[in-house]
1. Quote the Stokes-Einstein diffusion coefficient, in whole µm² s⁻¹, for region 84-194, based on the Kirkwood radius over alpha carbon pairs, a temperature of 10 °C and a viscosity of 1.306 mPa s.
2. Please list, ordered by chain and number, the residues whose modelled amide H lies under 5 Å from the amide H of G78; skip anything fewer than 5 residues away on the same chain.
3. Probe 1.4 Å, all protein chains in place: accessible area of L295 in Å², nearest 10?
4. In whole Hz and in residue order, list the ³J(HN,Hα) couplings for region 133-148 that follow from phi through the Karplus curve 6.51 cos²θ - 1.76 cosθ + 1.60, θ = phi - 60°; x for Gly and Pro.
5. Tell me, in nm to one decimal, what length is gained between A72 and A225 on full extension, where the rule is 0.36 nm per residue of separation less the Cα-Cα distance?
6. Give, in whole angstrom and from largest to smallest, the semi-axes √(5λ) of the equivalent ellipsoid of region 293-412, with λ running over the eigenvalues of the Cα gyration tensor.
7. Using the Karplus equation 6.51 cos²θ - 1.76 cosθ + 1.60 (θ = phi - 60°), what ³J(HN,Hα) coupling, rounded to whole Hz, does each residue of region 177-190 give in order, writing x for Gly and Pro?
8. How far, in degrees from 0 to 90, does helix 95-111 lean away from the longest principal axis of the Cα atoms of the chain, to the nearest 10?
Amino acid sequence: MNLAIDTERLMSEVEALAAVSEAEPPAITRVVFSPADLAARSWMKKLCSAAGLSVREDAVGNTFARWNGSDAGAPIVGTGSHIDAIPNAGKYDGVVGVLGGLEAIRALQRSGFRPRHSIELLVFTSEEPTRFGIGCIGSRLLSGSLPVEAARKLIDANGESLDAVRQQAGFHDSLETVPLHADYYKSFVELHIEQGPLLERDQIDLGIVTSISAPASARISVEGAGGHAGGMLMPERRDALCAAAELILAIEAAARGSGSTDTVATVGMCEVFPGAVNSIPSRVRLSLDLRDTQLARRDAVMRTIQSAAERIASDRGVSITIEILNADAPAQCAPSVIDALSDSCRKHNFAFRPMVSRAYHDSLFISRIAPVAMLFIPCRNGYSHRPDEYASPEHIAKGTLVLAEALARLSS
Ligand code: GLV
Ligand code: MN
Ligand code: MN
């Protein structure tokens, strides 16, 4: 099989999608079910239809574009990623896996290859946690990792529920129809930028992911007492922001002290009430994102954070509650998919190495119902989730070629 990736077309599609954004270029903002997300979805569906794929959407907006195989009853070989983007993001996160997946399918079509197992491109709903506080909503539901009842309770910062918002976006079926049956997939493979510096630093073309780190996230609420910034004496204060500041540093120390660089913790959101220069903060809301490749170590760090919160609350006379939103287990990738990717890299003499994904991905959840692996492309300086995120067309083309060959092997 001789495959040719149309890099020029693929890169022009990456640019076209980047223009569908709520932020000024070069920043990308495409929050789930926002007008930009809806416009991007409809553009994507047209592209899939133009490639002769049959497109369907489920009740939460996961989009499936299928190239039918000769054995209609055989389990599916899946690929894909997401096109939603956090505020002030770059243009490659998720997008490379979706548009690269589509180009991989088109390259296979052009070569005359005919799959036995159908190959399906999946665009997952809300990989990013921006709107509803947890990431991978689409893949969690597909894999049965998020109970439908819990999904119905998800609300955004304006109090709008996922259930209402997805219906406004035109997805009316019952959420109960979303989970896939356990033998839906033969295998699943996701192409993605590394979002870290290792491949570029070691001048390696591609990374083959062997395990995916597990996230836990929490909403932290600190309740103190407000008052006049001039009148209230320092010893009398129960300042919620001062307590939150101490807790943020305790979170950082807990992650740094875990004994492994695979433990990472981030407080990325801090909301202060009432938010006036001359008013003592009475209430603070924080987000916590804690990850590790080892579940036991991550759970131990979470316990350290919880004890720090109790100590700070008692020392400062405030109350601190930590509401865990999700605490997921890490995933191991499947040898069959890893081998398909590695053999293709070897065939082309692409330098590759096995690696851990420290970011989470929809594949983490799809691994609960299918053999999965991921293919990483280097990104400049390891930058991601920022507007200057960059992956070279050469690396994207190599990743797409290897993805296409792996899809061919897995679907034969
Ligand atoms: C995905 O975007 C992540 O936060 O790992
Ligand atoms: Mn992301
Ligand atoms: Mn991503």
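1. Rounded to a whole number, D works out at 99 µm²/s.
2. Close amide H contacts, sequence-distant or interchain: E120, K186, S187, F188, V189.
3. 70 Å²
4. Coupling constants for region 133-148: x, 10, x, 6, 4, x, 6, 4, 5, 4, 8, x, 7, 10, x, 4 Hz.
5. Result for the pair: 48.7 nm of gain on full extension.
6. 39, 19, 11
7. Karplus values, whole Hz, x for Gly and Pro: 7, 6, x, 8, 6, 4, 9, 5, 9, 7, 6, 9, 9, 10.
8. 10 degrees
The values are calculated or read from the model by the stated rules, or taken from the named source; none is laboratory data. Keep in mind that this is a model prediction, so the values were computed, not measured. All Cβ positions, even for glycine, are placed from backbone atoms using ideal geometry, and neighbour counts span all protein chains on display. These accessible areas exclude ligands, DNA and RNA; they are computed on the full protein's heavy atoms, side chains included. Shrake-Rupley method; radii C 1.70, N 1.55, O 1.52, S 1.80 Å.
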